Amino acid sequence: MNYHDTRDPSRRVSFRTAVLQGMDPATGGLYMPDEIPSLPKSFLSRNLAPSFRDIAIETAKPFVGDEIPEDELMAIIVDAYPFTAPIAPIDPTTYVLELFHGPTCAFKDFGARFMARVMAYFNRDEDDSLHILVATSGDTGSAVGSAFHGVPGIDVTILYPRGKISPLQEKQLSTFDGNVRALSVDGTFDDCQRLVKTAFTDESLRGKLRLSSANSINISRLLPQSFYYTYGSLLIRDRGRYDNDIDSPSLIVTVPSGNFGNLTSGLIARKMGAPIRGFIAATNSNRTVPDWLASGDYRARPSVSTLSNAMDVGAPSNWERMNAFYTVEEARRQIAGYWLDDEGTMEAIRQCNARTGYIIDPHGAVAWKAWDDARSGAMASLLAGKTVPPEKPGLTGSVATAPEWARDCADRKCVGLILETAHPAKFGETVHRAIGREPSMPERLEKVTHLPDRSEPIPNDYGALKSWLLDTLA
Ligand SMILES: *Cc1c(COP(=O)(O)O)cnc(C)c1O
């Protein structure tokens, strides 16, 4: 399979190049597969839904082509996923896909662990180490650090703004040993990003160290996220008849979104044949994409901080991929837009717990509320001609922009799948304020709170970063 640049489709590269480069350095565009193949009908209609591992291999094969032999690809997948994505049914028509069973308790483990092993495979014949630099405002650093930890031939340096991430997040990224190191920068997240960008464009540094990035625009982080959409939708198709008496319900997946990598992966899974009727793109007050779906105008803006801080993105980088996939009219047919403010998020955590007993984190809560509103009247009133003004939280758009599944949803012929992207214990304080108690900590999260902080402080200065890199890694 070849990949092309979203900004200049005539620029085409192999899978290996797309993975090792991350983005096209000449145009700043993102890589997209030349085609989205369909999964075989016989595979999708198996009597017993295929396992997560089978789905991962069947999905990855055509994207990888002959660039990784099948037995090696199998080894990569087995090693990347000692966990899966269990489904929790929380009411007769609502399922939660728990994406937090990986080592860092957030869904980014699915993408980062596959990417790390694919990069290591492509790097195996090189004599020199590959050095990954990553700037993080919180969760990406730990997912990338954990994914590459112990991977031979590659090391990771994480830059984070000192004092500006949560104490738990800091523990999660500063306590690695071996090939993963953390630098606490006396500055902001933007400063960290600028330092990393400067390093990438520093020819004299690049002459001494092979540098690479591992950010969320890498295609090898997006492809594996489609595995769990196919897995979850097939499981629900199989078990749905036992949970409710809707005849062949349409499945609507609600995705709590920031950079829109996760939703883009869902679009890929649907195109490959996963039985998903449509999506709700649920955001916090950073509502660039819901506004785009409603108005047809794309306006990136500065981000605002919210309780669901991993979704605080005002200029979502994967919008460029969604826009390469679909015109706004095509996107609207499948995707409804929804946004929620912090007050609504707190209320959603509380309501979800009170009505179902499920403890949901602030990101998943935005998605749960979006689905719950849509099925219990908001979609019906949109179809009846009522619209919510854009500055008010809720379902965005109008009867003219409603998705093609809107009538099914209003008539209660849909079931919903909520993507729960983080373990609630990662946001224990917020959850406590909402429901009056702390969610219990999984052992793997609790463990890091006892490990020593190994981060090294550096000033907000490129010269300091450069000498640290040369002294430590060269
Ligand atoms: C990164 C993240 C998101 C947003 O995912 P995108 O792919 O950027 O849209 C949502 N929730 C959590 C917990 C995250 O870490």
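Calculate one ³J(HN,Hα) per residue across region 107-115 by plugging θ = phi - 60° into the Karplus curve 6.51 cos²θ - 1.76 cosθ + 1.60, and present them in order as whole Hz with x for glycine and proline.
Here the 3J(HN,Hα) series is 5, 5, 4, 4, x, 5, 5, 5, 4 Hz.
Have a look at ASN47, PRO37, PHE83 and report the one farthest towards the positive end of the charge dipole of region 21-102, computed about the Cα centre with Cβ charges (Lys/Arg +1, Asp/Glu -1).
ASN47
GLY314's amide H: which non-local residues (gap 5+, or another chain) put their own amide H closer than 5 Å, with H modeled 1.01 Å from N in plane and none for Pro or chain starts?
Amide H neighbours of GLY314, under 5 Å, 5+ apart: SER303.
Using Cβ counts within 10 Å as a stand-in for footprinting exposure, how do TRP405, TRP371 rank, fewest first?
On the way: TRP405 20, TRP371 24.
Going from least to most buried by this count: TRP405, TRP371.
Report, in deg cm²/dmol and to the nearest 500, the calculated mean residue ellipticity at 222 nm for the chain, where each DSSP H run with n ≥ 4 adds -39500 (n - 2.57) and the sum is divided by the residue count.
The helix-only estimate for the chain comes to -12500 deg cm²/dmol at 222 nm.
Would you list, by chain and number, the aspartates and glutamates whose Cα falls below 20 Å from the Cα of LYS171, excluding same-chain residues fewer than 8 positions away?
Leaving aside aspartates and glutamates fewer than 8 places away in the same chain, those within reach of LYS171 are ASP109, ASP139, ASP155, ASP186, ASP361, GLU429, GLU438, GLU443, GLU446, ASP453, GLU456.
Going by a ≥ b ≥ c, the root eigenvalues of the Cα gyration tensor, does region 222-435 fall in the rounded group (a/c under 1.5), the prolate group (a/b larger than b/c) or the oblate group?
The shape class here is rounded.
Counting other beta carbons within 10 Å of each Cβ, put ASP190, ASP361 in order, fewest first.
The order, fewest Cβ neighbours first, is ASP190, ASP361.
Restricting to DSSP loop positions (anything but H, G, I, E, B) with no more than 11 other Cβ atoms inside 10 Å of their own Cβ, which GluC sites (Glu not before Pro) remain in region 70-150?
Answer by residue number: GLU126.
Quick one, can you get me the convex hull of the C-alpha atoms of the chain expressed as volume per residue in Å³?
Spread over its residues, the Cα hull of the chain gives 136 Å³ apiece.
Hey, if you put +1 on the Cβ of every Lys and Arg and -1 on every Asp and Glu Cβ in the chain, which of SER129, LEU307, LEU293 ends up farthest toward the positive end of that dipole?
Most positive-ward Cα: LEU293.
Using θ = phi - 60° and the Karplus form 6.51 cos²θ - 1.76 cosθ + 1.60, what ³J(HN,Hα) does each residue of region 79-88 get, whole Hz, x for Gly and Pro?
In residue order, the calculated couplings are 6, 6, 10, x, 9, 10, 10, x, 10, 10 Hz.
Which ordering of LEU173, LEU73, LEU465 is given by a fewest-first count of other beta-carbon atoms within 10 Å?
Starting with the residue having the fewest Cβ neighbours, the order is LEU73, LEU465, LEU173.
Give the separation of the Cα centroids, region 54-104 to region 334-370, in Å.
Result: 25 Å between the Cα centres.
Between the helical axis of 52-64 and the dominant principal axis of the chain, each derived from Cα atoms, what acute angle in degrees is found, rounded to the nearest 10?
The angle comes out at about 60 degrees.
Can you run phi through the Karplus equation (6.51, -1.76, 1.60; θ = phi - 60°) for region 215-226 and list ³J(HN,Hα) in whole Hz, with x for Gly and Pro?
7, 6, 7, 5, 4, 6, 8, 6, 4, x, 5, 6
Using amide H atoms built 1.01 Å from N in the peptide plane, name the residues 5+ places from GLU456, or on other chains, whose amide H lies under 5 Å from its own.
Sorted by chain and number, the residues that satisfy this are ALA182, LEU183, SER184.
Set the bar at 20 Å for Cα to Cα. Now go through LYS197/LYS426; LYS41/LYS271; LYS108/LYS392 and name every pair that lies beyond it.
LYS197/LYS426; LYS108/LYS392
Throughout, read-outs are computed from the coordinates displayed, never taken from laboratory work. No experiment lies behind these values; they were computed from the predicted model shown. A quick note on method: Cβ atoms are made from the backbone with ideal geometry, for glycine too, and the neighbour counts reach across all protein chains shown.
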